[in-house]
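Bear in mind these aren't lab numbers, they're just calculated from the coordinates by the rules spelled out. Because the structure is a prediction, the values reported are computed rather than measured. Cβ coordinates were reconstructed from backbone atoms using ideal geometry, including for glycine residues, and neighbour counts include every protein chain displayed.
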Amino acid sequence: MIQGNAAMRGWDPFREIERMQAEFSNLFARGNDSYAPGHPPVNVWTSDDGALLSAEVPGVDPEKIDVSVVGDTVTISGSRALEESAPGVEFLRRERGHGDFQRSLRLPFKVDPEQVEARCKDGILWLTLPKAREARARKIEVLAH
Amino acid sequence: MNETNPQATEPRTTESAGPEKTPSRVVHVPRVDVAESKDSFLVVADLPGVSQEDVEVTVEKNVLTIAARAEARVPEGYEHRFGGRAPVEWRRSFTLGDAIDREAIAATMKNGILRLTLPKASRVLPRRISVRAA
């Protein structure tokens with residue numbers, strides 16, 4: 001009679017490998033980033049003509065923010081510097097996050113990448129994302145015969 | 001420098017029995033970094049959406065308070081589709097030690113970040129009072 005070890009039977013090497021892979025990719029995805037996945041916080045509004053997106057990026061140098069638009073997907077990425085510690089300076093509290101961030105959002109329509117506008121004010125990034133021409137509703141007049 | 005009990009935490013609705021309270025307004029606590037050097041303290045606070053005119057730093061007795069208000073973000077002609085409610089109001093207080101020169105506290109605002117410099121007073125060295133024979 002062949003009977004495997006009960007503990008061994010519960011052990012699935014493939015599952016274990018998957019788990020490890022997941023952990024590793026998590027590790028690398030985070031990098032030196034201390035941000036949670038939902039960063040930066042964003043809000044999206046839409047109208048018939050397109051969308052407005054706001055992202056909270058206080059303290060981020062606007063020149064260090066990258067915005068890319070592919071089809072219906074907008075990606076914001078950048079980096080926030082760590083408040084520098086000079087010699088003789090001791091940090092008593094460090095609550096503010098730092099490091100690299102990236103966030104992608106899929107909009108309900110294709111965006112015209114040529115018309116996208118980005119501006120930064122008081123630590124908030126504003127994106128104007130007009131609909132691509134093919135995504136706009138076309139009104140077809142019905143002719144009477 | 002210690003933080004005073006900030007009453008302005010996010011509203012809790014499950015704290016006690018009875019009807020849940022609706023806060024008249026939601027006040028957030030900004031995240032801060034606090035650093036100390038030989039001659040000053042530095043406080044850096046995240047206040048996204050707040051401009052220089054919309055932040056107020058006050059010192060009353062030994063309590064320093066940061067209060068800020070951002071413009072509500074409601075674009076006209078648009079419908080909200082995604083995201084939580086962005087904070088509009090912030091407040092946080094700190095207790096100052098005797099070592100801080102209250103008159104010399106300086107504040108700057110840039111890219112939604114408030115930086116406060118709190119210099120230490122030069123006269124915090126212990127004073128010795130000589131005892132004379134009467």
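List of remarks:
- Any pair with Cβ under 6 angstrom, 6 or more apart, that starts in region A:94-111 at a residue that is without any contact (Cβ under 8 Å) to a residue 12 or more places away in the chain and ends at one that is surrounded by 15 or more Cβ atoms within 10 Å (Cβ to Cβ): A:94/B:33; A:95/B:31; A:95/B:32
- Single residue of region A:49-74 satisfying the filter (without any contact (Cβ under 8 Å) to a residue 40 or more places away in the chain and out of contact with any Pro (no Cβ under 9 Å at 6 or more places or on another chain)) that is farthest from residue B:48 (Cα to Cα): A:73
- Candidate set from region A:39-48 (those that are under 16 Å from the mean Cα position of the chain (by Cα) and free of Cβ contacts under 8 Å to residues at least 24 places away in the same chain); member that is nearest to the other protein chains (Cβ to nearest Cβ): A:43
- Flag: residue A:69 matches the condition of being touching a helix residue (DSSP H, G or I) at 6+ places or on another chain (Cβ under 6 Å), surrounded by 13 or more Cβ atoms within 10 Å (Cβ to Cβ) and closer than 16 Å to residue A:44 by Cα.
- Candidates A:100, A:112, A:122 - the one that is surrounded by 14 or more Cβ atoms within 10 Å (Cβ to Cβ), within 13 Å of chain B (Cβ to nearest Cβ) and of a type outside the set (S, T, N, Q): A:122
- Residue in region A:57-67 that is farther than 30 Å from residue B:115 by Cα and either more than 12 Å from every other protein chain (Cβ to nearest Cβ) or within 18 Å of the chain's Cα centre (by Cα) (or both) present: no
- If the condition is being more than 9 Å from every other protein chain (Cβ to nearest Cβ) and charged (D, E, K, R), then region B:72-84 contributes only B:76.
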